[in-house]
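S.K.: I'd like to ask you about the structure that follows.
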Amino acid sequence: MQRGLREGSPVRGPETPTDMPGFSMPGDHHGVISGYVLKMLRGSIGKTQTSLAERLGVDVSTVQGWETGRRSLTSLRVSDFRRLQTRLAAFGAPATGVASLHDAVEADELLGQITSGELGNADVQHHPLASTVHRRRLVNLVTWPFTGITPPQLRGLPAKPGRGPVASHPVLTIAAQHEFFDQLLSVAERASPEDMPVLRRQATYLLGFDKRQESADWLAVQHKHAFNGSMTANLTSGIAARSAAVALARHGDADPLRYFIDNTLSDERHAAANLTYWAYWLGEINEPHTDDAYLITATSTRSWSGVRLANHLLEHLTDQVNAPLNIHSLWQLVLARPELLEYDRELRQRTGERVETALDDNPADSSTVELNNLRCAVQLANR
């Protein structure tokens, strides 16, 4: 009889500090994201909750608890969590989905630590947004309950529909959503842009997903104070301005993003840092970082190829929120690395096709100019 999976130390392992400010014990929050990913994985291998429980050697109520988030996967011992991943893969679950289960647990931990309210009186240095520069892969999971948009790494899962009405994404209560953004707004106000820039920047970016007007008003005031009619001076402040401008664009105010592109990114140093941040955000720079200082070293060493970035930008030239930044970034990438089009015929062809599609979308005048420049770059590379 196969050994079942048991609760124990959290998935992060024995090194996880649970007696320090800013950390919550396993079980203090619902694992709605990892639970939903597990449900998708179960659907992809065509198993019911009962049949999966039998194969795993656990009670069906355990699987039900995992999927609903009432019994968070973060409560599993590290060895048992890895065994769960191994078994899911052996049952035929897609490797990318199985790997994403760990990211989903991390997203649940971040959500739980913020919404628990325990961070309210803690030193901001213990905040989960203060210690690591997060990437798109994780942030898309964190924001999934708010956007309803399935993260790219999970879109290939051939999930089978369940019986009756089924939620199309992880669900947080309205109260939990408000608590999450209230806590973010509080910590963003307390975090000094000089002393805790990563915390403030990442909290600011996430506030862009809050649909309430008070967050939009706060972002607008902060943006006005940050720029004050002048271009951002240093590279890390430039990335902070980028995050704020993108957050405001998500609230429907595109002017700050246009200002950022026309002013801050007109400086070569900031333009290069913008591309480097893109590369890190998308995982093209593999090494994780705890602050934005990597922008300086990674920009000077050209430690990333730009292929992944180019492919990502090509898929988002008509994005409703970020199209101007995506178009400008692609044009700057081609200027900085012309070899991308010169030596990659497939990328060159796809660039030509995507540019024509974007031009048909009637972009703003400045974006139209850059798209026409990209069209010319493709034509030159074809010679």
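S.K.: Regarding segment 82-92, can at least one residue be identified that is within 30 Å of Glu179 (Cα to Cα), under 25 Å from the mean Cα position of the chain (by Cα), modelled with pLDDT of 95 or more and in a helix (DSSP H, G or I)?
M.R.: Kept after step one, since they are within 30 Å of Glu179 (Cα to Cα), are these residues of segment 82-92: none.
No, that holds for no residue.
S.K.: Please state which one of Thr357, Thr318, Thr351 is assigned to a loop (DSSP other than H, G, I, E, B) and of a type in the set (Ser, Thr, Tyr).
M.R.: Numbers: Thr357 fails: assigned to a loop (DSSP other than H, G, I, E, B); Thr351 fails: assigned to a loop (DSSP other than H, G, I, E, B).
From the options Thr357, Thr318, Thr351, the qualifying one is Thr318.
S.K.: From the list Val78, Val105, which one is buried (at least 18 other Cβ atoms within 10 Å of the Cβ) and either within 28 Å of Gln202 (Cα to Cα) or of a type in the set (Val, Ile, Thr) (or both)?
M.R.: None of the others qualify; the one that does is Val105.
S.K.: Counting only residues that are surrounded by fewer than 16 Cβ atoms within 10 Å (Cβ to Cβ) and among the hydrophobic types (A, V, I, L, M, F, W, C), how many does segment 55-75 have?
M.R.: Looking only at that region, the number is 1.
S.K.: Just need a number here: residues in segment 281-303 that are under 14 Å from Asn234 (Cβ atoms) and assigned to a loop (DSSP other than H, G, I, E, B).
M.R.: 3
S.K.: Looking for whichever is crowded, with 22+ Cβ neighbours inside 10 Å, over 17 Å from Ser367 (Cβ atoms) and of a type in the set (Gly, Ala, Ser) here; the options are Ala245, Ala241. Which one fits?
M.R.: Result: Ala241 is the single residue among Ala245, Ala241 that is crowded, with 22+ Cβ neighbours inside 10 Å, over 17 Å from Ser367 (Cβ atoms) and of a type in the set (Gly, Ala, Ser).
S.K.: Say we look at segment 346-383 and pick out the residues that are in contact with a helix residue (DSSP H, G or I) (Cβ under 9 Å, 6 or more places away or on another chain) and of a type in the set (Lys, Arg); which of these is surrounded by the most Cβ atoms within 10 Å (Cβ to Cβ)?
M.R.: In this case the residue turns out to be Arg354.
S.K.: Another one. Only residues that are assigned to a loop (DSSP other than H, G, I, E, B), free of Cβ contacts under 8 Å to residues at least 40 places away in the same chain and over 28 Å from Tyr36 (Cβ atoms): list them for segment 169-213, please.
M.R.: Passing the criteria: Ser192, Glu194, Asp195.
The values are calculated or read from the model by the stated rules, or taken from the named source; none is laboratory data. All of these numbers come straight from a predicted model, not from anything done at the bench. When we count neighbours, we look across all protein chains shown, and the Cβ atoms used for this are built from the backbone with ideal geometry, even at glycine.
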